[in-house]
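The values are calculated or read from the model by the stated rules, or taken from the named source; none is laboratory data. This is a predicted model, so every value here is computed, not measured. Methodologically, a virtual Cβ is constructed for each residue, glycine included, from the backbone with ideal geometry; neighbour enumeration extends over all protein chains shown. Just so you know, the surface numbers come from the protein's heavy atoms only, side chains and all, with ligands and any DNA or RNA stripped out. Shrake-Rupley method; radii C 1.70, N 1.55, O 1.52, S 1.80 Å.
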Amino acid sequence: MQIDLKCIMLRPTEKYRIYKSDPKDCEGCPFLSQCTKSKNQEKVITRHVWESYKEKANHIRHTDEWKKIYPQRKETIERVFADAKENHGMRFTRLKGLERNQHELLIIFSCHNLKKLGLSKKRLGYI
């Protein structure tokens, strides 16, 4: 049995959508006791606004293409963080405050990108 759920409220602070069924739709349903324990016979579903994105990401995670490219993370993306952690002292922060740490990381990763650019230019013979 399919029930039409209407979005009745979007809480702006919590970013949840609340869906409620019409009690008239649920009145004679044989699964009512399994579906809801509400006295006014209505089903309430609360979903985060990002829930659909999480479902899409979970679906993509099980595709053959993803299973093929996922092992490359350790060679590309995670290697950058490992280098920064070991070579640039990023195990702990030395500064206080979010803004100061963001500025320091911006400088560190800018230097890292310049290093990658220089090495690739050297490899291609431009330097």
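Looking at E104, E99, which is the one that is acidic (D, E) and loosely packed, with under 11 Cβ neighbours inside 10 Å?
Step by step, each of E104, E99 is checked, and only E99 is acidic (D, E) and loosely packed, with under 11 Cβ neighbours inside 10 Å.
Pick from segment 24-45 the residues that are open to solvent by less than 100 Å² (accessible area, probe 1.4 Å) and among the acidic types (D, E): which of them is modelled with the lowest pLDDT?
Among those that are open to solvent by less than 100 Å² (accessible area, probe 1.4 Å) and among the acidic types (D, E), it is D25.
So F92 ticks every box in (1) assigned to a loop (DSSP other than H, G, I, E, B); (2) open to solvent by less than 100 Å² (accessible area, probe 1.4 Å); (3) on the phi < 0 side of the Ramachandran plot but one. Which box is left unticked?
Going through the list (1) assigned to a loop (DSSP other than H, G, I, E, B); (2) open to solvent by less than 100 Å² (accessible area, probe 1.4 Å); (3) on the phi < 0 side of the Ramachandran plot, F92 breaks only (2).
Filter segment 46-89 for residues that are touching a residue at least 12 places away in the same chain (Cβ under 8 Å) and either loosely packed, with under 12 Cβ neighbours inside 10 Å or under 30 Å from I107 (Cα atoms) (or both); which is farthest from the chain's Cα centre (by Cα)?
Selected residue: H88.
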